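Undergrad: Would you mind keeping the following structure in view while I ask a few things?
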Amino acid sequence: MAKPFWEKGIRFECQGTGRCCTSRGSYGYVYLTLEDRRRLARLLKLATSAFTRRYCRKTDGYFHLSDFRGPCQFLRERSCSVYEARPVQCRTWPFWPENMNARSWKREVVAFCPGVGKGRLFSKAEIQERLDQDPVY
Ligand code: SF4
């Protein structure tokens, strides 16, 4: 099998633009695991069911934040207001399964996210560990 283009790791460091917190077409959903909903509910001092009713929707069997057009409802001045409880999907950007082919990486990530190529090197194992956390795949 061919080696992935990220075999030798990839440098990444968030530049704080908030761009990945603003939806764009098919990249609009922030999917939520049950643990994500529990963690966010705890932070907001809500029952998980109340958090889910207030902030979530379900599409094709998967929960996601309900606002999937424009900025995330938790984005304040380019910062995440629920940062310590942010969903796994937000923690693992840009190492998402749908991004990790050379074509998508170039078109959807490098062209979009100024953090790629900056900061520390994420090893192949660290990238794989993030890919394995994906809430949908
Ligand atoms: S939860 Fe926070 S990190 Fe995730 S999209 Fe919303 S503002 Fe961004």
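Undergrad: Under the Karplus relation 6.51 cos²θ - 1.76 cosθ + 1.60, θ = phi - 60°, what is the ordered set of whole-Hz ³J(HN,Hα) values for segment 111-124, x standing for Gly and Pro?
TA: So the J values, rounded to whole Hz, are 6, 10, 10, x, x, 6, x, 10, x, 7, 7, 8, 6, 4.
Undergrad: Same structure, new question: What are the residues whose amide H is under 5 Å from the amide H of C56, where those residues sit 5 or more places off or on another chain and H is modelled from the backbone?
TA: Close amide H contacts, sequence-distant or interchain: S66.
Undergrad: Taking θ as phi - 60°, what are the ³J(HN,Hα) couplings along segment 70-75 by the Karplus curve (6.51, -1.76, 1.60), each to the nearest whole Hz, with x for Gly and Pro?
TA: Karplus values, whole Hz, x for Gly and Pro: x, x, 4, 5, 9, 7.
Undergrad: Check the straight Cα-Cα distances from K124 and name the lysines below 19 Å, setting aside those fewer than 8 residues away within the same chain.
TA: Output for K124: K3, K8, K106.
Undergrad: A further question on this structure: What is the ratio of the Cα radius of gyration of the chain to 2.2 N^0.38 Å, where N is its residue count, to two decimals?
TA: In units of the 2.2 N^0.38 Å rule of thumb, it is 1.07.
Undergrad: Count the net charge of all other residues whose Cβ sits under 13 Å from the Cβ of T92, scoring Lys and Arg as +1 and Asp and Glu as -1. Kindly include the intermediate steps, with their values, before the conclusion.
TA: Details: positive: R86, R91, R130; negative: D36, E98, E126, E129, D132, D134.
Result for the neighbourhood of T92: -3.
Undergrad: Cut-off under 26 Å on the C-alpha distance; same-chain residues fewer than 8 positions from K45 excluded. Which lysines are left, in chain and number order?
TA: Straight-line reach from K45, under 26 Å: K58.
Undergrad: Report, as a whole number in µm² per second, the diffusion coefficient that Stokes-Einstein gives for segment 1-50 at 4 °C and 1.567 mPa s using the Kirkwood radius over alpha carbon pairs.
TA: The diffusion coefficient I find is 89 µm²/s.
Undergrad: Moving on to the next point. With each label point set 7 Å from Cα along the Cα-Cβ vector, what nm distance links K8 and E84?
TA: 4.0 nm
Any read-out appearing in this document is the output of simple, stated calculations on the displayed coordinates, not a laboratory observation. From a predicted model like this one, the values you see are computed outputs, not experimental measurements. Backbone-built Cβ (ideal geometry, glycine too); neighbour counts: all protein chains shown.
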